[in-house]
Amino acid sequence: MTEIYKTTNADIEELMSVRLEMLRVVNGMAQDAPFSEELVYCSREYFLHGDQTTVLAKDGDNAGKVIGCASISYITLMPTFSHPTGKRAHLMNVYTNEAYRGQGIARRMVTILIDEAREKGCTEISLDATDCGRPLYEKLGFTANAEGMILPL
């Protein structure tokens, strides 16, 4: 049985472990590939203090092994006609361990976060989709859009 729940600061070690696993998989890195101290430190600080919600999925039949995660970050911008509250969200870190894919775990995690964003008054959720994740997001109502411009600093 899969348990999915919103994390607290007490879950930080499991959360960091699955985030680093996800980063390795998504970026085609070796399982033991190191990360910079800055990335690890800043990720930990964001999970502990950032305006975000993260859910974890655990395999209840396998000693509570963490098998997935999903995060949503909240931002407030100047209100506009199409976003009168200025509240928006960005979905990221949606990941399910390969052995558990195809069971609806990612869908359940993302749905929890979409519902929370609605409750918080967000008017838009953005995300950056991988090819693997795109079909899920489309089923949940997300549509593709053209990205804007950026200035790397």
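What value, in deg cm²/dmol to 500, does the helix sum -39500 (n - 2.57) over DSSP H runs of n ≥ 4 give at 222 nm once divided by the residues of the chain? Calculated mean residue ellipticity at 222 nm is -10000 deg cm²/dmol. Extents of the chain, taken as max minus min of Cα coordinates on every principal axis and listed largest first, are 49, 36, 31 Å. With r defined as the distance between the Cβ atoms of Met16 and Ala144 and R0 fixed at 25 Å, what FRET efficiency is calculated, to the nearest 0.05? Approximately 0.20, to the nearest 0.05. Across the options Ile67, Ile125, Cys42, the greatest Cα extent toward the positive end of the charge dipole of the chain (unit charges at beta carbon of Lys, Arg, Asp, Glu) belongs to Ile125. Accessible area per residue for the stretch 1-58 is 61 Å², calculated with a 1.4 Å probe on protein heavy atoms, without ligands, DNA or RNA. Among Ser17, Ser73, Ser43, the largest mean-square fluctuation in a Gaussian network model of the chain (Cα springs under 10 Å) belongs to Ser17. Can you work out the FRET efficiency for the pair Asp32 and Lys120, with r the C-beta to C-beta distance and R0 = 30 Å, to the nearest 0.05? Rounded to the nearest 0.05, the efficiency is 0.20.
Fully extended, how many nm does the chain gain between Gln103 and Thr130 (0.36 nm per residue separation, minus their Cα-Cα distance)?
Between Gln103 and Thr130, full extension yields 7.9 nm more.
Once the Cα-Cα distance is subtracted from the 0.36 nm per residue extended length, the Tyr5 to Phe81 segment shows a gain of 23.9 nm.
Taking the longest Cα principal axis of the chain as reference, the axis of helix 105-119 is set at about 30 degrees. Note on the stretch 75-153: Kirkwood radius taken over Cα pairs, Stokes-Einstein applied at 37 °C and 0.692 mPa s, translational D equal to 232 µm² s⁻¹. What lysines sit close enough to Lys65 to cross-link, taking a C-alpha to C-alpha distance under 23 Å and skipping anything fewer than 8 places away on the same chain? Result set, ordered by chain and number: Lys6.
By the rule of a C-alpha distance below 19 Å, with chain neighbours fewer than 8 residues away ignored, the aspartates and glutamates paired with Lys120 are Asp51.
The values are calculated or read from the model by the stated rules, or taken from the named source; none is laboratory data. Since this is a predicted model, take the numbers as computed values, not measurements. No Cβ is skipped: glycine too gets one built from the backbone with ideal geometry, and neighbour counts run over all protein chains shown. For accessibility, only protein heavy atoms count, side chains too; no ligands or nucleic acids. Shrake-Rupley method; radii C 1.70, N 1.55, O 1.52, S 1.80 Å.
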